[in-house]
Amino acid sequence: QLTQQVISLAKIDNFLDKKEFQQIQDICLGANFPWFCNSNIVRPENKDEFLDFYNYQFTHTLYRDYSPCSNYFNDICDPLFFKINPASIMRVKANLIPRADKNVIHEYHEDITKFKGKTAIYYVNTNNGKTYFKDLASVEAVENRLVIFDSNMLHTGSTCTDQRTRVVLNLNYFEWNN
């Protein structure tokens, strides 16, 4: 028997009201928000010096190991989770990729291996760094946009060239089963 995989990808523009969006943007793009350098965006399968040069990002983990781990958790996550209404949260982190001299597409990955839930990407600023889905179209980075997809969908981001940074919130969670 042949089974067909159902592709679930939802894109919602103007996800939060202006005040809630502005609060998140002010925090994440503000001078006092702590960012931590990660030497890899994804662990590359093949060593490529060109891609390796761009394979870094700054992150701020908001939630992991079943607990908030940032003083910014409520201010950033409450408005998002009020609308998403997850049954349970696995991980939430902010990602900042600095501007590059060209758009570089990183390697495809799953955020959490063997996780059977949902992934959401919330775009904090508008820029020309896209999110790509394996064998599907790309999604442009537009501020206050939310994209939700099955967590096992291979995806990746890219650098931007038109803004100082590309900033997204990455949420991994379980939905309620009806």
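Quick look at the numbers
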quantity	calculated
Dimensionless Rg over Rh [the stretch 88-178; C-alpha; Kirkwood]	0.97
Mean accessible surface per residue for the chain, computed with a 1.4 Å probe while every protein chain stays in place, in Å²	58
Solvent-accessible area, 1.4 Å probe, carbon plus sulfur percent, for the stretch 50-178	47
In Å², nearest 10: area of H60 left accessible to a 1.4 Å probe	10
Relative contact order computed over the chain (Cα-Cα under 8 Å; 6+ residues apart), in percent	28
Placed amide H near N128: partners under 5 Å, 5+ positions off or other chain	T161, D162, Q163
P(r) histogram, all alpha-carbon pairs of the stretch 119-170 included - 10 Å bins from 0, percent	27, 58, 15, 0
Value at 222 nm in deg cm²/dmol, rounded to 500, when DSSP H runs of n ≥ 4 in the chain each add -39,500 (n - 2.57)	-4500 deg cm²/dmol
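The values are calculated or read from the model by the stated rules, or taken from the named source; none is laboratory data. Computed from a predicted model, the values in this text were never measured in an experiment. Accessible surface areas use protein heavy atoms only, side chains included; no ligands, DNA or RNA. Shrake-Rupley method; radii C 1.70, N 1.55, O 1.52, S 1.80 Å.
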